Every structure is written in C-alpha cells, then in structure tokens.
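Please treat every number below as a calculation from the coordinates, not as lab data. Everything quoted here is computed from the prediction, not taken from an experiment. Every residue, glycine among them, receives a Cβ derived from its backbone with ideal geometry; neighbour counts consider all protein chains shown.
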Amino acid sequence: MASAGLQCFAFILALLGIFGDITATLLPNWKINADVGSNIITAITQMQGLWMDCTWYSTGMFSCTLKYSVLSLPVYIQAARTTMVLSCILAAFGICITTVGMKCTKFGGDTDSKGHTCFAGGVCFILSGIFGLVPTSWYTREIISNFLDTTIPESSKHEPGGAVYIGFISAGFLLTAGVIFCTSCFKKQQGPWIYPAKQQHFPSTQQESNAGYNLKDYV
C-alpha cells in the first residue's frame, strides 16, 4: 500500500509537470523587457516567447506577433521549441503508460508486467524532465549573458519571464515523478534469498536407529 500511495503521489507530480510544461511552451513571456526607453509612456511591457512576441500597452491593449520564420530565429530559440515539444510528448506518453502500470489500477497484467510498464513510464518522465530542463537553462543563460553585456543598450536588455520559472518547476516535477516510478518498481529482496534457511539434519538419531536394528539382528 505504501508503494501504491507513493505512485499516486508521483502521478500527481507528473500531471502538474505536464500541465506546467504545456503552459510554459505556449506562454509568450520567456523574457520580459520592462524598460522600453522613450516609449515608456505608451508601452508598459514587451515580452518575447518561443512562438510570438507580445506588447502590453498602458491603454490596456495587448498585441502579439507570431514568429513565422524558423530559420531567422536564434539557435537557442529553435532548440527550445524542439525540446519543449518533445518534453510535452514524452510526458503525455508517460502519463498513458504509468496509468496502465500503477498498482492501484485494475488492468495491465500481472505484477511483473505492471512493474515493467511502470518503469518505462518513469523513464519517459525522466527524459521529459531533461528535455524541459535543457531549453530553460540555455534560454536563461542567453538572457543573463545579454543582460551583462555592456555593448547592448539598456532598452534592449531583458529579464527571465514567468514561463522560464514554470519550465524549471515543471522539469523538477517530472524528474521527481520519474525517479519515484522507476524506484518503486524494484522488488525488495527477502531475507531467505540472501541467507538461505539451514536444512535440519538428524544424523545422531539415524545412527541410533540403525544401531538399534543391528543389535536386534543379533538377538
């Protein structure tokens, strides 16, 4: 029961991770520029994401521009798109697989089959967490390096947005869920397997009985 409860906890973490992964992939605030120089009265915040760039004006208007050209994007944005999509796909596969392999479900075969299925789902979660952690780390590094670069104007510097933090947290949830699922599938070794039970021998009794039969033969 303890292992089944641990798997349910890991499944909840995985659900939070995949929802956060999808949200971080779609959000346009991967990096935010709050200081827009001479247009500070008109524009409040400029945001850039993986798929679109948005501007929020002080009048309440919100406009976005999609990034249609893939080849014109920087390498880290192209890599972030690919890895985040792969992370979402692997997390979805992990949810489907672990649903079959969890101990609290009624389908999935015998205990060994469910254990192997659960282990495969845990591997999917671990890979999904890694694919989600790589782009967020790379994206954050690019933002920090540009922010510290003295040759870049102040109006062109950005800070990490909320989507980056959501991506980090979601990757942590998926990694934790994957480790729990993988470790919960191993069977605990029993003591007799390590220390086999000693066989009971009664040589003295057998010898006495044989000796008794020999004496009767002479009587």
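The mean sequence distance of close C-alpha pairs (under 8 Å, at least 6 residues apart), as a share of the length of the stretch 50-163, puts its relative contact order at 22 percent. Here the average projected area of the convex hull drawn through the C-alpha atoms of the stretch 41-83 stands at 3.4 nm². Entry for the stretch 38-153 at q = 0.14, 0.16, 0.17, 0.21 Å⁻¹: log10 I(q)/I(0) = -0.77, -0.87, -0.92, -1.12, Debye formula applied to identical alpha-carbon scatterers, no solvent contribution.
Ranked by the mean number of other Cβ atoms within 10 Å of their residues, highest first, the peptides 21-29, 48-56 come out as 21-29, 48-56.
Summing +1 for each Lys or Arg and -1 for each Asp or Glu, what net charge is found among the other residues whose Cβ lies under 13 Å from the Cβ of residue 160? Could the numbers behind the result be given before it?
Details: positive: 31, 141, 157; negative: 142, 159.
Taking every Cβ under 13 Å from that of residue 160, the sum is +1.
Each peptide in 89-100, 139-150, 60-71, 162-173 receives the mean, over its residues, of other Cβ atoms within 10 Å, and ordering these scores from highest gives 162-173, 89-100, 139-150, 60-71. Here the extension length gained between residue 113 and residue 57 equals 14.5 nm, from 0.36 nm per residue of separation less the Cα-Cα distance. Measuring r between the beta carbons of residue 149 and residue 64 and using R0 = 41 Å, the FRET efficiency lands at 0.95. Assuming charge only on the beta carbon of Lys and Arg (+1) and of Asp and Glu (-1), the dipole of the stretch 51-155 about its Cα centre is about 380 debye to the nearest 20.
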